[in-house]
Structures are given as structure tokens and as C-alpha cells.
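The values are calculated or read from the model by the stated rules, or taken from the named source; none is laboratory data. Just so you know, these numbers come straight off a predicted model, no measurement behind them. We place every Cβ from the backbone using ideal geometry, glycine too, and count neighbours over all the protein chains shown.
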Amino acid sequence: MKTIGIIDTGIGNLGSLSGALEGLGFDPLLLKDASMIDDCENLILPGVGAFAHSILALDASGFRQPLLDYAKAGRPLLGICLGMQILFSEGDEGGSSAGLGLIPGRIRHLSQDNGFPLPHIGWNTVNFTQKHEILCGIKSDIDFYFVHSYCAECEDSHVLATTEYSETFPSIVFHSSVIGAQFHPEKSQRSGLKLLENFCWWNGTC
């Protein structure tokens with residue numbers, strides 16, 4: 001069975017993610033030490049909270065450069081929610097901060113012009129815009145579970161799916177072997193678990 005690593009810098013709720021992976025038959029490895037990254041065939045970066053704080057936590061734990069090296073070697077990396085956001089070049093939450101720069105673009109506040117309450121919490125539809133191996137066996141226009149107030153702004157070529165809430169925003173993004181999901185697949189029932197399973201078996205090539 002493949003070794004699936006979960007980055008643990010104290011910025012994510014890892015219980016439901018670990019439980020979901022175990023239910024799929026994988027044995028997740030919680031990584032508190034960056035030296036353990038090379039032991040993993042696939043890597044997941046979860047996160048909750050603010051962009052600026054999460055980057056500081058990642059740097060303080062010594063994960064930044066090992067994560068960059070891992071992804072630039074073409075190895076599969078999945079960012080979930082805030083973990084997706086810090087994959088980008090920069091973010092506005094908590095003050096302007098540089099992200100990991102693995103996906104070109106920035107993270108900004110969701111539009112508040114249309115009267116939608118924030119944060120965006122609950123089930124919402126994900127519309128696929130491109131084909132990709134991690135989407136195999138999953139129908140487009142299926143609901144996934146979201147909790148966020150910020151969204152990605154990037155070129156369409158990096159967008160695998162979009163969602164509507166006060167505006168149209170990217171809900172699945174990618175660049176090379178790096179994937180990001182704005183929603184929580186581990187909390188999104190059958191379709192979310194299928195996406196996690198697809199990622200865990202993916203070798204990082206398109």
C-alpha cells in the first residue's frame with residue numbers, strides 16, 4: 001500500500017482526513033518533521049485559519065523548502081482548503097504574504113457585493129472545467145462541503161473546477177503534480193472520498 005503523508009504543523013484538523021484515508025484502506029502518516037517527507041509517495045497539505053499565520057507555521061516547522069523540493073520533483077501534492085490557498089504565490093488574508101508559489105496566482109477575499117453571508121459554509125456545486133485523473137468516476141455538478149471566506153484568482157489553465165457563491169471562483173486547481181481543493185473532500189461523502197482515493201493512487205502525471 002502506498003504511503004500517504006499528511007503535513008501536521010498545527011494548522012489543520014487532521015482527525016477526519018486521517019479517518020477518511022483509513023476508511024479507504026490507506027495508512028496515513030502524520031508528518032511533524034519535514035525530514036519524513038521523502039518517505040511519502042503522495043502528500044496532503046490540510047489547513048484551517050488565516051493565510052499569513054499558516055505560512056509562518058509552515059516556515060517555523062521547516063516544511064517550506066522540503067515541500068517545494070517534493071513538488072518540483074513531480075511528486076503528487078494535494079492542498080485542502082487553506083492548504084490549497086497557501087500553494088499560491090501570495091495571499092491577502094492576515095496581511096499580504098508570500099505563499100509557496102507552486103500555483104501562479106493569488107488568494108483574495110470573496111466578493112461581498114452581492115449580499116451573500118461569509119464565510120461560505122455548507123454544500124455547494126462543483127462544476128468541472130477540464131478533465132483530469134483525480135476526477136475519474138466523479139460526476140460534474142455534484143455538491144461538496146465548503147468552509148472559507150477567501151478564494152483563488154488565477155489563469156483558467158490552472159482551474160479544474162469552479163463553484164458559484166457571490167461570484168464564480170476556482171474550487172479545484174492544479175499545476176503539474178500539484179492539486180488544490182477549496183472544499184473538504186474528507187467531509188464530502190462519496191464523491192469527496194472518491195477524489196481522495198483518486199489522488200492517493202495518482203502518480204503525479206497528467
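Assorted remarks:
- Residues that are out of contact with any Phe, Trp or Tyr (no Cβ under 9 Å at 6 or more places or on another chain) and in contact (Cβ under 8 Å) with a residue 24 or more places away in the chain within the range 170-185 comprise 174, 175, 176, 178, listed in sequence order.
- Residue in the range 129-137 that is among the hydrophobic types (A, V, I, L, M, F, W, C), in contact with a His (Cβ under 9 Å, 6 or more places away or on another chain) and closer than 27 Å to residue 25 by Cβ present: no
- Filter pass, residue 102 being within 13 Å of the chain's Cα centre (by Cα), over 15 Å from residue 152 (Cβ atoms) and aliphatic (A, V, I, L, M): no
- Inter-residue pairs, beta-carbon under 8 Å, first modelled with pLDDT under 95 and in the range 36-51, second polar (S, T, N, Q) and part of a strand (DSSP E or B), 6+ apart: 51/97
- For the range 133-148, a residue qualifies if it is touching a Pro at 6+ places or on another chain (Cβ under 7 Å) and surrounded by fewer than 16 Cβ atoms within 10 Å (Cβ to Cβ), and exactly one does: 147.
- Here 164, 155, 133 are screened, and the one residue that is acidic (Asp, Glu), within 24 Å of residue 55 (Cβ to Cβ) and in contact (Cβ under 8 Å) with a residue 12 or more places away in the chain is 155.
- Of all the listed residues (124, 114, 203), the sole one being under 23 Å from residue 7 (Cα atoms), among the polar types (S, T, N, Q) and in contact (Cβ under 8 Å) with a residue 24 or more places away in the chain is 203.
- Every condition in (1) without any contact (Cβ under 8 Å) to a residue 60 or more places away in the chain; (2) assigned to a strand (DSSP E or B) is met by residue 194 except one, and the failing one is (2).
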